[in-house]
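Engineer: Have a look at the structure that comes next, please.
The values are calculated or read from the model by the stated rules, or taken from the named source; none is laboratory data. All of these numbers come straight from a predicted model, not from anything done at the bench. All Cβ positions, even for glycine, are placed from backbone atoms using ideal geometry, and neighbour counts span all protein chains on display. Just so you know, the surface numbers come from the protein's heavy atoms only, side chains and all, with ligands and any DNA or RNA stripped out. Shrake-Rupley method; radii C 1.70, N 1.55, O 1.52, S 1.80 Å.
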Amino acid sequence: MPSPDISRIDRLWYTRCPVPSASGIAIHHGWIDAEFAPDGIAVSSLRASPSRAVRESHFNHRQANSFRQGGNAPPIWSRSEGQDVVVVGLTWLPQYQAILALPGAGIRDVRDLKGKRLALPRRVNEKIDFWRASALQGYLQSLAAAGLGADDVSFIDLPVEAPYIGDQAASSSGPLFDARQTASQSRAEALALIRGQADALYVYGAHGPALREFLGADIVVDIGHHADRRVAINNGTPNVLSVSGELVRTRPDLVARYLAQVLRAAQWAREHRAEAAGIIAREVSVVEEWVPEAFDASLYENLEPSLDPDLIAALSIRKDFLHRHGFIRHDFSVDDWIDPAPLAQARELLRRAEPLAAAGR
């Protein structure tokens with residue numbers, strides 16, 4: 001049964017991964033705050049709370065009345081554990097995703113990985129190790145596309161004790177992941193490569209181009225632009241926009257209004273690419289110079305959430321991979337996990353608002 005005071009919500013929560021997202025752009029502009037301020041509803045980042053339990057909702061989605069946009073492994077894990085979370089939108093994020101090797105290693109393409117050692121980090125203190133899952137999937141899908149498999153390589157296990165969520169100061173709108181965490185994300189793999197403990201590493205995200213430049217590394221596989229798009233399915237492809245299930249059921253109006261601002265931000269980014277690039281650089285904690293290399297030009301056409309069948313199919317492939325390799329314990333139906341109504345309602349709200357906005361100009 002829903003909480004008796006659910007209709008009198010005075011706070012909504014949000015969180016987003018350090019990736020380009022329309023949510024991050026809407027938050028930057030203050031549009032979500034402005035949408036709910038007349039109702040006396042505050043909107044806060046999970047980072048506004050000093051409670052680690054609240055902040056960890058970024059991974060387990062236990063915080064009531066919360067929205068999340070980002071990588072798909074945490075919400076898939078949450079749903080598999082029975083958490084009441086609903087998918088309301090998906091995006092295909094064209095981000096940097098590659099396998100790298102040091103020059104002189106004789107590894108020029110994926111076939112050269114046969115017999116080689118691949119760095120595979122393992123976060124020992126996390127319930128869902130999304131980074132390990134991403135690296136493993138990146139390796140295995142790249143190998144399979146070349147007719148190779150796990151038995152053709154050696155995986156070098158790299159235990160990492162540092163938690164994903166650090167001890168950043170509270171912030172009402174800031175993301176949970178700061179520049180320090182972003183810069184250290186691939187530390188274990190990079191050190192293993194430099195020390196000669198591994199021959200290749202997997203990397204994805206905004207810090208990938210800077211890491212490749214620092215190492216002077218060769219790109220063995222450009223996964224993000226692979227000829228077979230299925231090879232690129234991973235944590236950020238597709239990205240997931242999810243929301244607390246109880247909020248969808250009891251206050252669908254609030255969910256639709258929130259999503260309308262996300263759609264508005266995606267439209268704005270298509271029309272203001274240079275400004276959007278600056279916002280995205282801050283969101284992903286890199287200098288703006290890296291944005292075009294970390295995310296190709298199609299980025300601005302891919303920020304708008306949808307529920308296209310191709311994206312749903314990609315999410316199912318990702319879920320099946322996580323289940324098959326033991327990253328989630330319980331299987332479930334992706335189709336049953338998705339609710340298309342909030343996004344449809346949000347599109348209608350935005351359609352109605354456009355003539356009013358035009359009249360006010």
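Engineer: Only one residue in ASP222, ASP218, ASP199, ASP253 is more than 30 Å from LEU322 (Cα to Cα), out of contact with any Phe, Trp or Tyr (no Cβ under 7 Å at 6 or more places or on another chain), acidic (Asp, Glu) and at pLDDT 95 or above. Which one?
Structural biologist: Residue meeting the stated conditions: ASP253.
Engineer: OK, next. Exactly one condition in (1) among the β-branched types (Val, Ile, Thr); (2) modelled with pLDDT of 80 or more; (3) surrounded by fewer than 22 Cβ atoms within 10 Å (Cβ to Cβ) is not met by ILE233; state its number.
Structural biologist: Result: ILE233 passes all but (3).
Engineer: Return only the number of the condition from (1) modelled with pLDDT of 95 or more; (2) within 21 Å of the chain's Cα centre (by Cα); (3) within 25 Å of ALA133 (Cβ to Cβ); (4) not charged (D, E, K, R) that GLN63 does not satisfy.
Structural biologist: Single failed check for GLN63: (1).
Engineer: Can I ask one more? For the subset of segment 198-230 comprising residues that are closer than 26 Å to VAL334 by Cα and assigned to a helix (DSSP H, G or I), which member is least open to solvent (accessible area, probe 1.4 Å)?
Structural biologist: ILE223
Engineer: While we're here: Say whether the condition of being of a type in the set (Phe, Trp, Tyr), farther than 30 Å from GLU304 by Cβ and not in a strand (DSSP E or B) is met by at least one residue in segment 137-146.
Structural biologist: Yes, segment 137-146 contains a residue that is of a type in the set (Phe, Trp, Tyr), farther than 30 Å from GLU304 by Cβ and not in a strand (DSSP E or B).
Engineer: Quick check on my filter: what residues within segment 94-109 are among the β-branched types (Val, Ile, Thr) and not in a loop (DSSP other than H, G, I, E, B)?
Structural biologist: ILE99, the sole residue that qualifies.
Engineer: I need a count of the residues in segment 247-279 that are surrounded by 20 or more Cβ atoms within 10 Å (Cβ to Cβ) and among the hydroxyl-bearing types (Ser, Thr, Tyr).
Structural biologist: Final tally of qualifying residues: 1.
Engineer: Could you identify the single residue in ARG351, ARG318, ARG347 that is within 20 Å of GLY71 (Cα to Cα) and basic (Lys, Arg)?
Structural biologist: ARG318
Engineer: Show me the helices (runs of 4 or more DSSP H) entirely contained within segment 244-361 in which 3 or more residues are closer than 15 Å to LEU93 by Cβ.
Structural biologist: Hits in segment 244-361: 252-271, 273-284, 291-294, 309-324.
Engineer: Can you tell me which of ARG282, ARG347, ARG329, ARG351 is touching a residue at least 40 places away in the same chain (Cβ under 8 Å), open to solvent by 80 Å² or more (accessible area, probe 1.4 Å) and over 26 Å from VAL203 (Cα atoms)?
Structural biologist: None of the other options fit; the residue is ARG347.
Engineer: For segment 1-79, which strands (runs of 3 or more DSSP E) that fit wholly inside it have 1 or more residues that are aromatic (Phe, Trp, Tyr), open to solvent by 10 Å² or more (accessible area, probe 1.4 Å) and on the phi < 0 side of the Ramachandran plot?
Structural biologist: Output list reads 11-16.
Engineer: Just checking, does segment 110-122 include any residue being part of a strand (DSSP E or B) and open to solvent by 20 Å² or more (accessible area, probe 1.4 Å)?
Structural biologist: Yes, there is a match, as at least one residue in segment 110-122 is part of a strand (DSSP E or B) and open to solvent by 20 Å² or more (accessible area, probe 1.4 Å).
Engineer: Tell me whether segment 181-194 contains one or more residues that are open to solvent by less than 20 Å² (accessible area, probe 1.4 Å), modelled with pLDDT of 95 or more, part of a helix (DSSP H, G or I) and under 26 Å from SER57 (Cβ atoms).
Structural biologist: No - not one qualifying residue is present in segment 181-194.
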